[in-house]
Amino acid sequence: MNTIKDSIRPVFPFTAIVGQEEMKLALILNMIDPKIGGVMIMGDRGTGKSTTIRAIADLLPQIPVIEDDPFNSHPTDIQLMSDLVQSSISNGEVLNTAFINVPMVDLPLGATEDRVCGTIDIEKALNDGIKAFEPGLLAKANRGILYVDEVNLLDDHLVDILLDCAASGWNTVEREGISVRHPARFVLVGSGNPEEGELRPQLLDRFGMHAEIRTVKDPLMRVKIVEQRSQFDRNPQNCLQEYEEKQNLLKSLICKAQDILPEVSIDFSLRMKISQVCGQLDVDGLRGDIVTNRAAKAFAAYQGRRNVEVNDIKNIIILCLRHRLRKDPLDNIDSGFKVKNIAEEIFV
């Protein structure tokens with residue numbers, strides 16, 4: 001007899017995804033260090049953007065939460081607790097702990113601000129004198145992944161809210177003099193097709209990384225991708241068993257990298273060179289420097305090392321800086337090549 005658990009739709013294994021290495025690396029590094037600031041994935045339709053993003057969540061270890069808490073509050077970390085949980089603990093209440101899969105929340109294109117941020121029931125507040133808060137998608141995504149497909153078609157005001165929450169780690173809802181605040185720490189992943197419009201540069205700059213993906217041209221690779229997808233659709237369990245070992249290996253690599261990340265260091269000379277690259281590329285602000293330093297540390301941790309090497313920086317610098325360059329309509333050089341050329345000059 002099939003249980004509900006057995007009938008849950010299986011997720012295509014991350015390690016079975018062919019190609020698109022840039023996108024996969026950006027997602028893995030954001031899982032290792034969520035403070036990198038999320039990733040924007042731009043590319044052609046039908047290139048597996050959504051499949052890959054959903055697959056990464058399946059790789060992450062379960063997280064401890066306070067049972068029945070709508071904000072996925074952490075049992076011990078105050079920064080990841082809702083105000084209600086904090087006051088309950090202060091009052092000496094014993095709260096049960098449960099383990100859940102890392103939340104993966106899809107933000108629909110037509111979502112309203114109330115649906116995203118949550119709403120305060122004013123009537124209940126006035127009549128009963130209690131803060132009745134209906135949590136939104138940001139509460140559900142706390143300590144997980146918030147995925148926005150076609151982010152370039154989303155209302156700029158909503159994108160602003162998402163980026164502010166992702167940066168601060170908190171969501172505040174205010175209405176009629178009543179204010180409710182809850183933790184909202186998540187990895188923001190946006191995807192889109194550049195043909196349908198670009199994001200404003202100031203919004204694009206707020207994403208930690210930017211991966212560009214193109215349709216595979218090689219016929220042999222295309223056949224391999226189609227066969228793999230057909231095999232999964234025909235018999236998902238067989239496909240999951242086939243990749244179980246690879247999945248477990250990647251899971252353990254990500255867990256190990258998360259553990260050693262606080263110990264990873266980057267030499268002053270390398271930090272100077274990163275800032276030199278940003279200066280020569282005329283990158284506005286210091287976000288580029290900060291993200292590149294963070295991503296280089298996450299990459300070193302992913303390789304199992306506690307010291308950042310030159311090759312770590314070379315592997316991630318394009319992902320961190322290509323979307324921060326000023327666009328020149330007359331320039332026919334791709335921004336990725338620009339970053340690569342300057343980085344090769346400085347990191348000799």
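The values are calculated or read from the model by the stated rules, or taken from the named source; none is laboratory data. All figures in this text were calculated on a predicted structure; none of them were measured in a lab. For neighbour counting, all protein chains shown are included, and Cβ atoms are generated from backbone atoms with ideal geometry for every residue, glycine included.
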Residue pairs within 8 Å by beta carbon, gap of at least six or interchain, first lying in the stretch 157-172 and among the acidic types (Asp, Glu), second buried (at least 19 other Cβ atoms within 10 Å of the Cβ), listed first then second, are 160/203
Is the stretch 88-99 home to any residue that is in a helix (DSSP H, G or I) and either touching a strand residue (DSSP E or B) at 6+ places or on another chain (Cβ under 7 Å) or surrounded by 14 or more Cβ atoms within 10 Å (Cβ to Cβ) (or both)?
-> yes
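Return a yes/no flag: does the stretch 111-127 have any residue that is among the basic types (Lys, Arg), in a strand (DSSP E or B) and assigned by TED's automatic domain parsing to the domain that holds residue 37.
Narrowing the stretch 111-127 to residues among the basic types (Lys, Arg): 115, 124.
Filter once more, so that each one left must be in a strand (DSSP E or B): none.
For the stretch 111-127, residues among the basic types (Lys, Arg), in a strand (DSSP E or B) and assigned by TED's automatic domain parsing to the domain that holds residue 37: absent.
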Within the stretch 282-300, can you find the residues that are surrounded by fewer than 21 Cβ atoms within 10 Å (Cβ to Cβ), touching a residue at least 12 places away in the same chain (Cβ under 8 Å) and not in a helix (DSSP H, G or I)?
-> 282, 284, 285
Name the one entry in 269, 252, 275, 230 that is part of a helix (DSSP H, G or I), among the hydroxyl-bearing types (Ser, Thr, Tyr) and surrounded by 14 or more Cβ atoms within 10 Å (Cβ to Cβ).
-> 275
